[in-house]
Amino acid sequence: MADKLKFAIIGFGTQGSAYGRFIDEGMVPSIDLVAVCDIDEERTKLAKELYPQVETYSDYKELIDSGKVEAIVTTVPHYLHPEMAIYALSKGVHVLNEKPAGVYTKQVKELNEYAEKADATYAIMFNQRNNPLYQKIKAIVDSGDLGDLRRSNWIITTWWRPQAYYNQSDWRATWGGEGGGVLVNQAPHQLDLIQWIAGVPESVYAMVQEGYQREIVVEDQVHAMLRYANGATGVFVTSTNEIAGSDRLELYFDKGKIVVDDSQKATVYRLKETEQEINKEFDAAKVKSMMAGEDVFGDLFEAVDTIEEDNVWGAQHSGVMENFAQHILHGKDLIAPGAEGINGVRLANAIQMSGWTGEEVSIKNFDDEKFLGMLNEHIAKEGKFEQRQ
């Protein structure tokens, strides 16, 4: 078996060119960059200057049909992710899709159904799953040591975007061109992580503000309430208009709590007993002491631990790429199977639908066709893009 995977980048913009650098700098030892595709001739010209060994294409189908590549990564507008992935898989070419998996659940379901039968690997670039901090947090939650989830809260507002950012192109921050705002552009990693770690919620109720602080038609601020099957609740807050933004995740369980600050430091609080057991044992004398301001909680904790991990630039993305290659070459388990990409898309769609209808929206029984119909209504109002099927 070959030691390296013959790899192509489709879309040589900011993200695609970064992946080229990772490969060129030896950060992805199991991948050999052999081709680059972009509809912009200046981008393919740049790729050829940087990497003379690569072949360049302007048509992704021509690239895939060439037989010269074994795998691709799709760093293109979101609507194109499923289309390109399905075509590549149909030709036996492995796919690493950039996030999100797509814009609406109907198209992502079609991709998942196709990928399940295809004789090729489908993975997704959820690089935060390769963040050692979140891997350790997931391991703690999965172990069950902290008991059942009671509450999840994530405030993630650290991606301020000025109006000039949105004015860069006609497709950006549009329903027809990009498919939404902060939920589909900036927040997909967090929408994935909250479900990867805490579990998929059953429903969501949201207040979604479109063009709140920017001259755009899509959402730039979101407050969403999550409901889980066991009665637990969650809050997800995100926006693109806070210069002094916050990144704080709290997960509260029957037997402890995890607090993550700035995606770099986690504090894990472990109780000796569950909160329910402590409640039963808390007598009138202890209540009196508590109301008098005495410390009655100190001996309730088994431990308070801190987890900190270095965030090495590029290591998370390149690690997912290397894992993808190792899976194909040597059967290593995938960090981010492509089929799981639908979870974040469905949550984003449900949040958007709740904002449009003012109602709680089921995630468990999400109505794909209803959402697509409402999305097409928004696209029609723009009058610039074709409707979706």
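The values are calculated or read from the model by the stated rules, or taken from the named source; none is laboratory data. From a predicted model like this one, the values you see are computed outputs, not experimental measurements. A quick note on method: Cβ atoms are made from the backbone with ideal geometry, for glycine too, and the neighbour counts reach across all protein chains shown. All accessible areas refer to the heavy atoms of the entire protein, side chains included, with ligands and DNA or RNA removed. Shrake-Rupley method; radii C 1.70, N 1.55, O 1.52, S 1.80 Å.
Below, the figures for the structure above:
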| item | result |
| --- | --- |
| Selection count, region 156-201, where residues are farther than 21 Å from residue 98 by Cα, under 15 Å from the mean Cα position of the chain (by Cα) and not in a loop (DSSP other than H, G, I, E, B) | 1 |
| Near pairs, Cβ below 7 angstrom, 6+ apart or cross-chain, from region 138-158 (assigned by the TED database to the domain that holds residue 232) to any residue that is of a type in the set (Asp, Glu) and modelled with pLDDT of 95 or more | 147/254; 148/254; 150/254; 153/250; 156/247; 157/242; 158/247 |
| Scope region 290-304; condition out of contact with any strand residue (DSSP E or B) (no Cβ under 9 Å at 6 or more places or on another chain) and open to solvent by less than 90 Å² (accessible area, probe 1.4 Å); matching residues | 290, 292, 293, 296, 298 |
| Restricting region 1-14 to residues that are modelled with pLDDT of 95 or more and not in a strand (DSSP E or B), the residue that is surrounded by the fewest Cβ atoms within 10 Å (Cβ to Cβ) | 4 |
| When residues of region 268-289 are limited to those that are of a type outside the set (S, T, N, Q) and in a loop (DSSP other than H, G, I, E, B), the one most open to solvent (accessible area, probe 1.4 Å) | 272 |
| Test result for residue 178, open to solvent by 30 Å² or more (accessible area, probe 1.4 Å) and in the same structural domain as residue 374 (by the TED database) | no |
| Selection count where residues are part of a loop (DSSP other than H, G, I, E, B) and in contact (Cβ under 8 Å) with a residue 60 or more places away in the chain, scope region 232-261 | 9 |
| Residue under evaluation residue 172, criteria (1) basic (Lys, Arg); (2) free of Cβ contacts under 8 Å to residues at least 12 places away in the same chain; (3) open to solvent by less than 30 Å² (accessible area, probe 1.4 Å), criterion not met | (3) |
| Test: residue in region 124-133 that is part of a helix (DSSP H, G or I) and either in contact with a Pro (Cβ under 6 Å, 6 or more places away or on another chain) or surrounded by fewer than 18 Cβ atoms within 10 Å (Cβ to Cβ) (or both) | yes |
| Helices (runs of 4 or more DSSP H) (entirely within region 306-389) containing at least 1 residues that are within 23 Å of residue 24 (Cα to Cα) and open to solvent by 40 Å² or more (accessible area, probe 1.4 Å) | 315-330 |
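Residue-by-condition table, conditions (1) of a type outside the set (D, E, K, R); (2) free of Cβ contacts under 8 Å to residues at least 60 places away in the same chain:
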residue: 272; (1), (2): no, yes
residue: 337; (1), (2): yes, no
residue: 342; (1), (2): yes, no
residue: 358; (1), (2): yes, yes
